[in-house]
Amino acid sequence: MSSELQQKIRATIQNPVNVGEMEGADAVGTVGSAACGEMLRMWVKFREVDGRKVIDRASFQSFGCETAIAIASLATELIKGKTPEQALSMRGAEFAAELGPLPPMKIHCGELVEGALRSALGAESSTPSAVSSSADKAPPQVPSLMDSMNAALNSSAGSGAKIVLLRQQANEH
Ligand code: FES
């Protein structure tokens, strides 16, 4: 990894934004990387603008590398104001664009972020509805990320949270 990329990643994670569990989230998604064992969870809250459902805000928690944390931080800002469809059309490389090109061994870090967002938005789209507020819909109840990670490591039965293991796709990029 180039020193310039390392510096940009360090600068981003020195002051990451939108870190932590979101109270009253409309959707949550968790993914794990089969490539490195890192995990990432993302929460999304929607609002309605001119009759369209858009992403109001997003947050994340990560047991991931610095690159994944930096990309997740950037992604939570980039998807604000986007419709779920627009956000789903974005790829890990777009989320990481501000950092510059990622080396091949770090491409899956962006895919982890992309996967967590997909998991969150996929769960939301499976229950089509208008924008809901935290007042009329209970936030998704999921185990903590640590609980999910422990369960995934210790049991093939799963923990109740939807964890998607991403495969390394070395030849796709
Ligand atoms: Fe696996 Fe970054 S090294 S998520």
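The values are calculated or read from the model by the stated rules, or taken from the named source; none is laboratory data. Not measured: the values here are computed from a predicted model. Here the Cβ positions follow ideal geometry from the backbone for every residue, glycine too, while neighbour counts run over all protein chains shown. Side chains included, ligands, DNA and RNA excluded: accessible areas come from the protein's heavy atoms. Shrake-Rupley method; radii C 1.70, N 1.55, O 1.52, S 1.80 Å.
Would you tally the residues in the stretch 1-40 being surrounded by 12 or more Cβ atoms within 10 Å (Cβ to Cβ), in a loop (DSSP other than H, G, I, E, B) and at pLDDT 90 or above?
Matching residues across the stretch 1-40 total 8.
Of (1) under 18 Å from Met22 (Cβ atoms); (2) over 11 Å from the mean Cα position of the chain (by Cα); (3) at pLDDT below 95; (4) of a type outside the set (A, V, I, L, M, F, W, C), His108 satisfies all except one. Which?
Among (1) under 18 Å from Met22 (Cβ atoms); (2) over 11 Å from the mean Cα position of the chain (by Cα); (3) at pLDDT below 95; (4) of a type outside the set (A, V, I, L, M, F, W, C), His108 violates only (1).
Restricting to the stretch 46-58, and then to whatever is open to solvent by 20 Å² or more (accessible area, probe 1.4 Å) and touching a residue at least 12 places away in the same chain (Cβ under 8 Å), can you tell me which residue is nearest to the ligand (Cβ to nearest atom)?
Arg57
Yes/no matrix, rows are residues, columns are (1) more than 24 Å from Lys8 (Cα to Cα); (2) out of contact with any Asp or Glu (no Cβ under 9 Å at 6 or more places or on another chain):
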| position | (1), (2) |
| --- | --- |
| Met39 | no, yes |
| Gly51 | yes, yes |
| Ile55 | yes, yes |
| Ala75 | no, no |
| Ala96 | no, yes |
| Leu112 | no, no |
| Ala116 | no, yes |
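Residues are listed down the side, and each one gets a yes or a no for (1) charged (D, E, K, R); (2) closer than 21 Å to Lys8 by Cα; (3) within 14 Å of the ligand (Cβ to nearest atom); (4) not in a loop (DSSP other than H, G, I, E, B):
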residue	(1), (2), (3), (4)
Val44	no, no, no, yes
Phe60	no, yes, yes, yes
Ala68	no, yes, yes, yes
Lys82	yes, no, no, no
Ala87	no, no, no, yes
Ile107	no, yes, yes, yes
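Okay, residues lined up against (1) of a type in the set (S, T, N, Q); (2) over 18 Å from Ala93 (Cα atoms); (3) within 12 Å of the chain's Cα centre (by Cα):
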site: Ala11; (1), (2), (3): no, yes, no
site: Gln14; (1), (2), (3): yes, yes, no
site: Glu23; (1), (2), (3): no, yes, no
site: Asp26; (1), (2), (3): no, yes, no
site: Phe46; (1), (2), (3): no, yes, no
site: Gly51; (1), (2), (3): no, yes, no
site: Ile55; (1), (2), (3): no, yes, no
site: Cys65; (1), (2), (3): no, no, no
site: Ile69; (1), (2), (3): no, no, yes
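From the list Gln61, Gln86, which residue is farther than 26 Å from Ser2 by Cβ, open to solvent by 10 Å² or more (accessible area, probe 1.4 Å) and without any contact (Cβ under 8 Å) to a residue 24 or more places away in the chain?
Gln86
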